[in-house]
Amino acid sequence: MGEERRITISVIKADIGSLAGHHKVHPDTMAAASRILAEAKSKGVIIDYYVTHVGDDLELIMTHRKGIDSPEIHGLAWEAFKKATEVAKELGLYAAGQDLLSDAFSGNVRGLGPGVAEMEFVERKSEPIIVFMADKTEPGAFNLPLFKVFADPFTTAGLVIDPRLHGGFKFEILDVFEGKYVVMSAPEEMYDILALIGTPARYVIKRIYRKSDNEIAAVVSSERLNLIAGRYVGKDDPVAIVRAQSGFPAVGEILEAFAFPHLVAGWMRGSHFGPLMPVGLKDAKCTRFDGPPRIVALGFNVSKGRLIGPADLFDDPAFDETRRLAQTIAEYIRRHGPFMPHRLGPEEMEYTTLPEVLEKLKDRFVEAKEYEKRIKPKLRHSALLSGEPHE
Ligand code: F6R
Ligand code: MG
Ligand code: MG
């Protein structure tokens, strides 16, 4: 296992503006980003790349040998987003440059706006990976499916019957409010893990490792733009990388977890719960009520750092019933209109008028006791029945 086989996969994404509202990325912005990455590939900065989009998010998938958090690779992504933003501005695309929160790049895109998932490992003889990319939701959307992939034997048969998986996995969980990590072990601490990650707005699965040898198995982007910017500037549509086969869950076990379109936060104005619908690239665009939230899965084989593929894994009739169920759930939950639990709780909403409404009404709110005294009926029923004189 020579050093030369250590490879890093960096998936870096940003919403730099889109066509027809927050619907989908324009091909010319993808072309602008691709040109930057092609040049970097020709200079040997990166080994390979694939540029795509899911909804209004421009996704850069890159392989290189510079490790995670490399200033050179993050700088490259920043440059690609900048160039794409120039095109977006020129075309008058909507919300051009939205996720590039700072004009000054300082070596790392983390904390600036783009979402990042990166992992480094020694390439196996054959290295199948899946890159997941979602739009109109948040990093915690991966909590439920990744728990199922790496800890639920009803999803991943290998946890029970493959000796290489049987030892279980370690979950690195990030408290995005406190900026603290805790590492927990499945299956032993399953209930405690669930006690945390069942609150996906706060506790986010960041990385998963195989316990037997500490090999990295999965990583999720965990940037929360609202907390980064100090105000809400858009839901932080997440990406994840998952390694598959030969001691990791099989591709089919990983995809199986997405056959249930669970409810995630995001959708219209980043302020509604809706079903996460798995789709192929051709349907990676948001329409109804700016959604429903969507997820794409691209399968690659990483070979000497090259990205062989992709295979558009959800572009398959096997997920038709999931999509149909997602539509039924969308129809059902939409009928709640502005009511919770369709609308998020006040602390999680991306848009809100509540403070202004409360301010406007502040002088019209009356203490309950005082108010009840005021509305006491002048005419008592007893008086009416007995014919007693009344005021
Ligand atoms: C959600 C999203 C969209 C917008 C909505 C309003 O993440 O991107 O649902 O929030 O289209 O957008 P603005 O305020 O830009 O008109
Ligand atoms: Mg957006
Ligand atoms: Mg988006």
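The values are calculated or read from the model by the stated rules, or taken from the named source; none is laboratory data. For clarity, every value in this text was computed on a predicted model and none was experimentally measured. Glycine gets a Cβ as well: all are built from the backbone with ideal geometry, and neighbour counts include every protein chain shown.
Can you tell me which of Val122, Val109 is buried (at least 22 other Cβ atoms within 10 Å of the Cβ) and in contact with a helix residue (DSSP H, G or I) (Cβ under 6 Å, 6 or more places away or on another chain)? I'd like the intermediate steps shown before the answer.
Values: Val122 fails: buried (at least 22 other Cβ atoms within 10 Å of the Cβ).
Unique residue meeting the criteria: Val109.
The residue of the stretch 230-265 that is nearest to ligand 3 (Cβ to nearest atom), among those that are at pLDDT below 95 and farther than 13 Å from Asp56 by Cα, is Val233.
Does Ser70 count as more than 20 Å from the chain's Cα centre (by Cα) and either crowded, with 24+ Cβ neighbours inside 10 Å or at pLDDT 95 or above (or both)? Break it down stepwise before answering.
On the way: more than 20 Å from the chain's Cα centre (by Cα): yes; either crowded, with 24+ Cβ neighbours inside 10 Å or at pLDDT 95 or above (or both): yes.
Judged against the criteria, Ser70 is a match.
Please indicate, with yes or no, whether at least one residue in the stretch 361-375 is closer than 25 Å to Pro238 by Cβ and either at pLDDT 95 or above or out of contact with any helix residue (DSSP H, G or I) (no Cβ under 9 Å at 6 or more places or on another chain) (or both). No, every residue in the stretch 361-375 fails to be closer than 25 Å to Pro238 by Cβ and either at pLDDT 95 or above or out of contact with any helix residue (DSSP H, G or I) (no Cβ under 9 Å at 6 or more places or on another chain) (or both). Take the conditions over 25 Å from the mean Cα position of the chain (by Cα), part of a loop (DSSP other than H, G, I, E, B), more than 23 Å from Ala297 (Cα to Cα) and away from ligand 2 (no atom under 16 Å from the Cβ) and apply them to Val87. Does it pass? Spelling it out, it is not the case that Val87 is over 25 Å from the mean Cα position of the chain (by Cα), part of a loop (DSSP other than H, G, I, E, B), more than 23 Å from Ala297 (Cα to Cα) and away from ligand 2 (no atom under 16 Å from the Cβ).
I need a count of the residues in the stretch 135-148 that are under 24 Å from Met184 (Cβ atoms) and either among the β-branched types (Val, Ile, Thr) or within 16 Å of ligand 2 (Cβ to nearest atom) (or both). Steps first, please.
Of all residues in the stretch 135-148, those under 24 Å from Met184 (Cβ atoms) come to 137-148.
Those left that are additionally either among the β-branched types (Val, Ile, Thr) or within 16 Å of ligand 2 (Cβ to nearest atom) (or both): 137-139, 141.
Selection size over the stretch 135-148: 4.
Regarding the stretch 34-47, can at least one residue be identified that is crowded, with 24+ Cβ neighbours inside 10 Å and either within 22 Å of the chain's Cα centre (by Cα) or hydroxyl-bearing (Ser, Thr, Tyr) (or both)? No: the stretch 34-47 contains no residue that is crowded, with 24+ Cβ neighbours inside 10 Å and either within 22 Å of the chain's Cα centre (by Cα) or hydroxyl-bearing (Ser, Thr, Tyr) (or both).
For the stretch 24-37, the count of residues that are under 20 Å from Gly299 (Cα atoms), more than 15 Å from ligand 3 (Cβ to nearest atom), touching a residue at least 60 places away in the same chain (Cβ under 8 Å) and not basic (Lys, Arg) is zero.
To keep it simple, each residue is scored yes or no on (1) assigned to a helix (DSSP H, G or I); (2) within 16 Å of ligand 1 (Cβ to nearest atom); (3) among the β-branched types (Val, Ile, Thr).
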site: Lys13; (1), (2), (3): no, yes, no
site: Asp28; (1), (2), (3): yes, no, no
site: Ala32; (1), (2), (3): yes, no, no
site: Leu37; (1), (2), (3): yes, no, no
site: Lys41; (1), (2), (3): yes, no, no
site: Gly44; (1), (2), (3): no, no, no
site: Tyr50; (1), (2), (3): no, no, no
site: His53; (1), (2), (3): no, yes, no
site: Met62; (1), (2), (3): no, no, no
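Within the stretch 295-352, how many residues are in a loop (DSSP other than H, G, I, E, B), surrounded by fewer than 19 Cβ atoms within 10 Å (Cβ to Cβ) and of a type in the set (A, V, I, L, M)? Residues meeting the conditions: 2.
Quick check, is Thr63 among the β-branched types (Val, Ile, Thr), buried (at least 18 other Cβ atoms within 10 Å of the Cβ) and within 16 Å of ligand 2 (Cβ to nearest atom)? Let's see the steps before the verdict.
Working: among the β-branched types (Val, Ile, Thr): yes; buried (at least 18 other Cβ atoms within 10 Å of the Cβ): yes; within 16 Å of ligand 2 (Cβ to nearest atom): no.
Answer is no for this residue.
Checked against the criteria, Val54 does not count as without any contact (Cβ under 8 Å) to a residue 40 or more places away in the chain, among the hydrophobic types (A, V, I, L, M, F, W, C) and touching an Asp or Glu at 6+ places or on another chain (Cβ under 8 Å). Inside the stretch 179-206, residues that are surrounded by fewer than 20 Cβ atoms within 10 Å (Cβ to Cβ) and of a type in the set (Lys, Arg) make up a count of 2. Screening Arg110 against (1) of a type in the set (D, E, K, R); (2) under 23 Å from the mean Cα position of the chain (by Cα); (3) in a loop (DSSP other than H, G, I, E, B); (4) more than 16 Å from Val11 (Cβ to Cβ) leaves a single unmet condition, (4). Cβ-Cβ distances below 6 Å connect the following pairs, each with a first residue in the stretch 224-248 that is within 12 Å of Glu350 (Cα to Cα) and within 16 Å of ligand 1 (Cβ to nearest atom), a second residue that is modelled with pLDDT of 70 or more and not in a loop (DSSP other than H, G, I, E, B), and a separation of six or more residues or different chains: Lys235/Gly266; Lys235/Gly270; Asp236/Gly115. Of the numbered criteria (1) assigned to a strand (DSSP E or B); (2) acidic (Asp, Glu); (3) within 16 Å of ligand 2 (Cβ to nearest atom), the one Glu120 fails is (3). Number of residues in the stretch 110-169 that are on the phi > 0 side of the Ramachandran plot, charged (D, E, K, R) and away from ligand 3 (no atom under 16 Å from the Cβ): the value is 0.
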